[in-house]
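Working notes for the structure below.
Readers should treat all values here as calculations from the given coordinates under stated rules, not as data from a laboratory. Keep in mind that this is a model prediction, so the values were computed, not measured. A quick note on method: Cβ atoms are made from the backbone with ideal geometry, for glycine too, and the neighbour counts reach across all protein chains shown.
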């Protein structure tokens, strides 16, 4: 049963892929729209991985884009400054994938360093430590001349195309889904519901929280690497608190503990964000209003619909088993 | 060594610590009573600075001589009002929901204040120079220079801290605040109106943050809508260092933070940026309850 559903999900995704690809080659979808779809898929990776930490495990990380910055800069250094590779022959794509994985592992290691001292304590300490971490990582990047400092790392080769981003996002979603329906995933959920009770039934809560946090950081690093190679630059301002908040809004708007919700919200909010940019630009209003909209949205969701769009449920094709079983 | 660790830096550190103390008291009081890290607290400080900025500029434009005490009262009032409004609108409805919900709305309130202020056309996202509210004088004792700003900063925060200590230890309201922070349900059974105590806590915390905002405006005369983020994090670190929920702890932690930050910045500016974070990590590793805090077991 399990394999059948996974295959079904992959088939659905491939149909989505084929439609987008076909429409783009026919010229129905412009390059600009395809770019926004690419961004949305990267946000799917970032939002689902943050949902693993914040939604499923019930922690509160505010440094997700900091991990993405680690992934973007490490992979960017490898492809741009060390290997000097350009997209073209298949070999360079293999090197890019290696660089992306190294970026993810580096982010995971940083996550481990931050998570170990902090996750032993109650959830709210993680919030402030990761908030500080996000600021620190930007200060560090700004002060390293090798990666361009405040000018940013320029001239990153454009390896992220629709196919690569799509496959990575698909793999992320499948891996996270399998993780959540494994015994680790059950442990994460039990920590969210009641840390003391789960400790009493033998869950090593600190260990499970660190596992969730490190895996989330890994995928954030992967997402950052893809983002850097899509925009062909990595800049400290792209990984600021504002961007982290955008991913947070996606997680809570989509619903804590719902991968489907994060996917829907990642697409919805990326398109909303672009729409607001065009709209606000057209009527000549300061771009800051966009963030005011997000802030109000975040407060409203928490006050009136804490469980988000999906209310903690999943689309049927994302469940590994049938509902009636 | 002599160039870095000298008396002048110590004085600068105490001055900075006084400002942190006023902010971190609000953090620690709110945390002690409702167990919420109020992310928006740094922004109450920003509101205080802007309120003073507008009042002073308004007075200067009309050539009215405005007493400094009035400016303090007005901007402390503005910050207190914003703090109470945030509590009423965003925190109170979530009082008995999971703790994470209020933490998320606190983040929303913080973002709202920052971006709303920078989106408003008459404030804008750019730096503004704070008007000279008090004329600067510098006293030289030996080879140490003490500005009258340092004296004002230390004096104002000392007066406010003495007032707070008196309020918490000697008055009925203070007794109620201590009771609520120890046990909400028992406090309610004793006839304490919990919501009004929480409102008073936000009022005092907001007013203190507003006072810190003016002091920062006078001392470092550049204000902008995001000015509250970093002092907010540092003051929170100070509160954790002293033991969160513990009022004398927040004061002690703030002075340690201010002094260590000044010394670290004199040594290396990058280290100065990172010292707060390093202190936070070290405290969480070795003494998560803080210097003056007590170990509390989590109750089921």
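How large is log10 I(q)/I(0) at q = 0.16, 0.23 Å⁻¹ when the Debye formula is applied to the Cα atoms of the range B:1-82, each weighted equally and without solvent?
Rounded to two decimals, the profile gives -0.78, -1.04.
Report, to two decimal places, the Cα Rg of the range A:2-318 normalised by 2.2 N^0.38 Å (N = number of residues). Show your work: numbers first, answer last.
On the way: Rg = 19.1 Å, N = 317, 2.2 N^0.38 = 19.6 Å.
The value comes to 0.97.
Please check which bits of the range A:21-65 a label hung off residue A:271 would reach, taking the label as a point 7 Å along Cα-to-C-beta and the cut-off as backbone N under 13 Å.
A:33-34, A:36-38, A:40-41
What does the highest-first list of B:16-23, B:271-278, A:98-105 look like by mean Cβ count within 10 Å? If you can, show how the numbers build up before the last one.
On the way: B:16-23: 28.0, B:271-278: 18.8, A:98-105: 21.9.
Highest to lowest by the protection proxy: B:16-23, A:98-105, B:271-278.
Taking the Cα atoms of the range B:1-151 alone, what are Rg (to one decimal) and Dmax (as a whole number) in Å?
18.9, 59
Would you tell me the mean number of C-beta atoms belonging to other protein chains that fall within 10 Å of each C-beta in B:110-123, as a whole number? It would help to have the intermediate numbers written out before the result.
Details: counts 3, 12, 8, 2, 6, 13, 6, 2, 6, 9, 4, 2, 0, 0.
Per residue, the number of nearby Cβ atoms from other chains is 5 on average.
Against the empirical 2.2 N^0.38 Å scaling, what ratio does the C-alpha Rg of the range A:1-157 come to? Write down the numbers at each step before the final one.
On the way: Rg = 18.8 Å, N = 157, 2.2 N^0.38 = 15.0 Å.
It is 1.25.
log10 I(q)/I(0), Debye, Cα-only chain B, no solvent, q = 0.13, 0.14 Å⁻¹?
-0.92, -1.06
Sort A:194, A:31 so that the residue with the fewest other Cβ atoms within 10 Å of its own Cβ comes first and the one with the most comes last. Could the numbers behind the result be given before it?
Values: A:194 13, A:31 8.
So the residues, fewest neighbours to most, are A:31, A:194.
Report the Stokes-Einstein translational diffusion coefficient (µm² s⁻¹, integer) for the range A:229-325, Rh taken as the Kirkwood radius over Cα pairs, at 10 °C with viscosity 1.306 mPa s. Could the numbers behind the result be given before it?
Details: Rh = 15.0 Å.
Reported coefficient: 106 µm²/s.
With only alpha-carbon atoms counted, please give the Rg and Dmax of the range B:132-222, in Å.
Reported Rg and Dmax, both Å: 18.5, 60.
Given q = 0.22, 0.23, 0.26 Å⁻¹, what are the Debye log10 I(q)/I(0) values for the range A:163-206, with equal point scatterers placed on the Cα positions and solvent ignored?
-0.69, -0.72, -0.81
What number results when the radius of gyration of the range B:147-199, computed over Cα atoms, is divided by 2.2 N^0.38 Å?
1.54
Using the per-residue mean of other Cβ atoms lying within 10 Å as a proxy for protection, in what order, highest first, do the peptides B:148-156, A:313-321 fall? Before the final figure, lay out each step's value.
Working: B:148-156: 17.7, A:313-321: 16.1.
Packing order, densest peptide first, comes out as B:148-156, A:313-321.
Taking chain A as a Gaussian network, Cα atoms linked when under 10 Å apart, which of A:263, A:180, A:29 shows the biggest mean-square fluctuation?
Maximum among the listed residues: A:29.
What 222 nm value per residue comes from the helices of chain B, counting each DSSP H run with n ≥ 4 as -39,500 (n - 2.57) and dividing by all residues, nearest 500 deg cm²/dmol? List each step's numbers first, then the result.
On the way: 11 runs with 208 residues, N = 300.
The helix-only estimate for chain B comes to -23500 deg cm²/dmol at 222 nm.
Let me see the P(r) profile for the protein assembly as shown: every Cα-Cα distance counted, bins of 20 Å, each bin given as a percent of all pairs.
19, 51, 26, 4, 0
Counting only other chains, and only Cβ atoms inside 10 Å, what mean value do you get across the residues of A:56-63?
On the way: counts 0, 0, 3, 1, 6, 0, 3, 0.
Across A:56-63, the average partner-chain Cβ count within 10 Å equals 2.
Work out Dmax and Rg for the range A:20-109 from the C-alpha atoms and quote the Rg first, both in angstrom.
Rg, Dmax (Cα atoms, Å): 16.1, 45.
Kindly identify the range A:88-170 as rounded, prolate or oblate by the Cα gyration tensor criterion: order the square roots of the eigenvalues as a ≥ b ≥ c, call it rounded if a/c is under 1.5, otherwise compare a/b with b/c, prolate if a/b is larger, else oblate.
Working: a/c = 2.77, a/b = 1.57, b/c = 1.77.
Oblate, because a/c is 1.5 or more while a/b does not exceed b/c.
Per residue of A:299-307, what is the mean number of Cβ atoms on other protein chains within 10 angstrom of that residue's Cβ? Numbers along the way, then the final one.
Working: counts 11, 2, 4, 13, 8, 1, 0, 6, 0.
Rounded to a whole number, the mean comes out at 5.
Where Rh is the Kirkwood radius over the Cα pairs of the range B:156-300, the temperature 4 °C and the viscosity 1.567 mPa s, what D in µm²/s does Stokes-Einstein return?
Values: Rh = 17.0 Å.
Taking Rh from Cα pairs, D becomes 76 µm²/s.
Using only the Cα atoms of the range B:85-174, build the gyration tensor, take square roots of its eigenvalues as a ≥ b ≥ c, and label the shape rounded, prolate or oblate: rounded if a/c is under 1.5, else prolate if a/b is larger than b/c, else oblate.
Details: a/c = 3.27, a/b = 1.41, b/c = 2.33.
Note, shape of the range B:85-174 comes out oblate.
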